[in-house]
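Taking it in order: structure first as structure tokens, then the write-up.
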Amino acid sequence: MKLKLLPKFILSLGILGAILTIAVSLFSYQSSKGHLEEMYAQRIISGSKSVATLLDINDIRTIIGPGGEKSEAYSRVEQMLNRVKKDSNVTYLSLVVPDEDSVTFYVDACVEEMGDDPEGKLLYGTDVLYTDAANGEEDLQKYYQIWQLYAQNKGTEEPLVTDNRYGYNYTAVAPVLDEHGQAIAEIQYILDMQSVRDHLNSFLRNMLIISLLIITIALLIYMLGIEKIVIRPVKKLAHFTANIIQAGRFEKQKIVLHTGDEIEELGGAVNVMIEKLEEYIENLTAVTSEKERIGAELGVATHIQSSMLPCIFPAFPDRDEFDIYATMTPAKEVGGDFYDFFMVDDRHLAIVMADVSGKGVPAALFMVIGKTLIKDHTVPGRNLGEVFTEVNNILCESNDNGMFITAFEGVLDLVTGEFRYVNAGHEKPFIYRKGKGYEEYKTRAGFVLAGMENIKYKEQVIQLEAGDRIFQYTDGVTEATDMDKQLYGMDRLNSVLNLKCAECSPEETLRLVKADIDAFVGGADQFDDITMLCLEYVRKMEE
């Protein structure tokens with residue numbers, strides 16, 4: 001579902017407002033939390049140390065000695081701790097002696113006015129195991145920490161935070177030291193922090209509500225401004241363009257915007273674009289007409305080119321000494337590849353396979369010249385090297401564009417099976433020997449036609465037997481490319497010829513090879529003409 005511009009602004013600003021609300025509230029919460037925690041931490045640390053300092057060491061020795069709970073010292077210390085507990089609003093205040101696995105309570109302050117339950121007061125000499133008092137392993141380690149500090153005659157420098165069945169508390173301990181600096185007891189000073197936690201949570205909720213209200217009001221005011229200076233002009237521009245599209249005309253269409261910013265510039269750009277579109281449509285009409293004319297002419301050229309190549313099969317229905325088939329698939333409307341086959345005389349069959357450099361109409365025109373020259377100069381009994389030498393010189397005379405042709409021509413003697421050929425820079429043919437399969441024929445190619453004057457070409461000979469075949473092609477076959485820019489290659493061509501085409505007719509051979517190329521290429525574009533010819537020497541001609 002598409003969203004209009006205004007809902008997008010509202011959604012994005014709403015998200016921004018939520019982020020700002022949360023960020024401001026959390027920052028304020030963390031600041032207040034840090035301040036309160038620091039304040040209460042200093043309070044209980046200084047409070048525990050003050051109480052420990054005020055106690056008389058002799059009173060402490062008496063209290064923790066035999067019968068200490070019945071002594072006047074016990075009464076004095078208890079009264080003092082109760083008074084400190086009440087005046088300082090301390091949750092728990094006790095005189096204790098810790099050891100390795102427990103803590104013994106000697107004086108446990110209890111002030112009923114503060115809501116303390118006398119029945120909950122820990123009696124003199126009550127020994128509480130750490131494992132009984134702790135709520136989990138983490139809590140237990142804090143009791144052991146207190147004991148380790150006591151063993152070193154030290155108290156806590158920072159409060160220990162506990163959150164267990166006794167509540168959410170800050171705990172501080174301060175040792176009572178004798179004349180030699182040895183701890184003989186310690187003050188356990190505990191503040192209940194639940195009210196502080198509740199206050200902070202309430203503060204966070206209030207901050208969220210207040211921040212949300214302030215930011216929402218600010219965003220609403222901002223949205224009203226955005227709607228006026230951005231949304232309305234954009235809507236006007238959108239309606240203007242929609243009306244143009246619906247009407248389908250651009251003449252005398254113009255929009256006027258007075259925003260004094262980029263939107264006004266955009267409106268001016270749209271007006272300029274409309275003027276350019278009017279010119280473009282006029283030019284496009286003329287170009288389209290010209291393109292249609294060129295397309296029609298290219299269609300005629302394609303038809304002319306295809307008609308110039310032998311395309312009626314079987315080509316020689318009255319001859320059973322050989323079977324021949326050829327195809328060309330151009331990369332453009334007209335191609336630069338060409339093939340040809342014709343009877344030089346009654347017993348000699350000529351085949352030609354060539355590839356003109358470049359593509360399109362120039363290559364096609366040069367192809368016509370080359371094809372005509374090769375056929376005209378191929379006469380009975382003439383050395384094919386001389387044919388290419390003469391054709392090459394003629395092509396060089398009028399080759400102002402620097403084009404060239406790779407070409408292969410062969411003439412088969414249908415009586416003897418002798419196959420004379422000449423190669424001007426073209427691909428090496430595949431020769432099929434009956435019962436042995438296809439094999440690339442290793443032959444040395446000469447220089448290309450129209451590349452340089454006075455090149456001497458050499459005729460060579462292959463002896464064919466009945467049942468042998470010649471497969472010739474252009475580089476568009478081996479250089480066909482798939483979507484990953486991989487080439488079809490000679491190995492794949494050799495494989496398909498021997499695995500699929502060993503027992504096939506020339507026509508079936510070309511069909512199978514083309515199908516394999518198409519399967520390899522897939523959806524990739526064809527960049528070069530694909531031309532193939534297959535000749536089978538069926539039987540010897542009787543003289």
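The values are calculated or read from the model by the stated rules, or taken from the named source; none is laboratory data. The structure presented is a predicted model; accordingly, all values stated were derived computationally and were not measured. When we count neighbours, we look across all protein chains shown, and the Cβ atoms used for this are built from the backbone with ideal geometry, even at glycine. To get the accessible areas, we keep the full protein, side chains included, count just its heavy atoms, and leave off ligands, DNA and RNA. Shrake-Rupley method; radii C 1.70, N 1.55, O 1.52, S 1.80 Å.
May I ask for the distance between the Cα centers of segment 104-152 and segment 49-84, given as a whole number of Å?
Cα centres, segment 104-152 to segment 49-84: 17 Å.
Report, largest value first, the span of the C-alpha coordinates of segment 2-106 along each principal axis, in whole Å.
Principal extents (largest minus smallest coordinate, Cα): 87, 31, 17 Å.
Reachable aspartates and glutamates from Lys359, Cα under 17 Å, same-chain residues fewer than 8 places away excluded?
Glu297, Glu333, Asp337, Asp400, Asp475, Glu479, Asp525, Asp528, Asp529
Assuming a ≥ b ≥ c are the square roots of the Cα gyration tensor eigenvalues, decide whether the chain counts as rounded (a/c under 1.5), prolate (otherwise, with a/b larger than b/c) or oblate.
Verdict is prolate for the chain.
Once whole DSSP H runs in the chain are found, which of them have Cα atoms spread over 15 Å or more along the helix axis and a mean Kyte-Doolittle score of at least -1.0?
5-54, 194-226, 232-247, 262-308, 360-377, 384-397, 489-500, 506-521
Which listed residue (Ile244, Ile146, Leu129) has the Cα farthest towards the positive end of the charge dipole for segment 122-271, taking +1 on Lys and Arg C-beta and -1 on Asp and Glu C-beta about the Cα centre?
Working it through, the farthest residue towards the positive pole turns out to be Ile244.
Once you sort the root eigenvalues of the Cα gyration tensor of segment 444-543 as a ≥ b ≥ c, which label holds: rounded (a/c under 1.5), prolate (a/b larger than b/c) or oblate (the other case)?
oblate
So, counting K/R as plus one and D/E as minus one, what does the shell of residues with Cβ under 11 Å around Gly155 add up to?
Charge balance near Gly155 sits at -1.
With equal scatterers on the alpha carbons only and no solvent term, can you work out the Debye log10 of I(q)/I(0) for segment 341-433 at 0.15, 0.17, 0.24 1/Å?
Log-scaled intensity ratios, in q order: -0.59, -0.74, -1.29.
Just how large is the dipole of the chain about the Cα centre, in debye to the nearest 20, putting +1 at every Lys and Arg Cβ and -1 at every Asp and Glu Cβ?
In debye, rounded to 20, the chain gives about 1500.
In segment 124-215, if the dipole is taken from +1 on Lys/Arg beta carbons and -1 on Asp/Glu beta carbons about the Cα centre, which of Thr171, Ile210, Gly155 is farthest to the positive end?
Of Thr171, Ile210, Gly155, it is Ile210.
For a bin width of 5 Å, list the pair-distance distribution of segment 93-204 built from all Cα-Cα distances, rounded to whole %.
2, 11, 18, 24, 20, 12, 7, 3, 1, 0
Report, to two decimal places, the Cα Rg of segment 176-226 normalised by 2.2 N^0.38 Å (N = number of residues).
The value comes to 2.59.
When the Cα centres of segment 307-333 and segment 395-448 are compared, how far apart do they sit, in Å?
18
Once phi is turned into θ = phi - 60°, what whole-Hz ³J(HN,Hα) does the Karplus curve with 6.51, -1.76 and 1.60 give for every residue of segment 536-543, x standing for Gly and Pro?
So the J values, rounded to whole Hz, are 10, 8, 6, 7, 6, 7, 6, 6.
So who's got an amide H within less than 5 Å of the one on Tyr441, skipping anything under 5 residues away but keeping other chains? H placed 1.01 Å off N, in plane.
Phe430, Ile431
Just to verify a number: FRET efficiency for Lys121 and His180, C-beta to C-beta distance, R0 = 35 Å, to 0.05?
Approximately 0.60, to the nearest 0.05.
Using the C-alpha gyration tensor of segment 348-506, what are the square roots of 5 times its eigenvalues, in whole angstrom, with the largest one first?
With the √(5λ) rule applied to segment 348-506, the semi-axes are 27, 22, 12 Å.
Which residues' amide hydrogens lie under 5 Å from the amide hydrogen of Gly155, considering only partners 5 or more residues apart or on another chain, with H built in the peptide plane?
Under 5 Å from the amide H of Gly155: no residue qualifies.
Between Thr126 and residues 5 or more places away or on another chain, which pairs have amide H atoms under 5 Å apart, with H built 1.01 Å from N, and which residues are they?
So Thr126 has HN proximity to Phe105.
Using a Förster distance of 22 angstrom, determine the FRET efficiency expected from the C-beta separation of Leu11 and Ile221, and round it to 0.05.
0.80
Given +1 on the Cβ of Lys and Arg, -1 on the Cβ of Asp and Glu, and no further charges, what dipole in debye does segment 349-452 carry about its Cα centre, rounded to the nearest 20?
The dipole of segment 349-452 has a size of about 440 debye.
Given R₀ = 60 Å, FRET efficiency for Glu440-Met273 by Cβ-Cβ distance, to 0.05?
With R0 = 60 Å, the Cβ-Cβ based efficiency is 0.50.
Order these peptides, 492-499, 25-32, by their mean beta-carbon neighbour count within 10 angstrom, highest first.
Highest-to-lowest ranking by the protection proxy: 492-499, 25-32.
Among the aspartates and glutamates, select those whose C-alpha is under 13 Å from the C-alpha of Lys442, and discard any that sit fewer than 8 residues away in the same chain.
Within the straight-line cut-off, Lys442 pairs with Glu427.
So what is the 222 nm mean residue ellipticity for the chain from helices alone, if each DSSP H run of at least 4 adds -39500 (n - 2.57) and you divide by all residues, rounding to the nearest 500 deg cm²/dmol?
So the calculated ellipticity at 222 nm is -16000 deg cm²/dmol.
Where only protein heavy atoms count, and the probe is 1.4 Å, what is the accessible area per residue for the chain in Å²?
Ligands and nucleic acids excluded, the result is 55 Å² per residue.
In percent, what relative contact order does the chain have, based on Cα pairs under 8 Å that are 6 or more apart in sequence?
11 percent.
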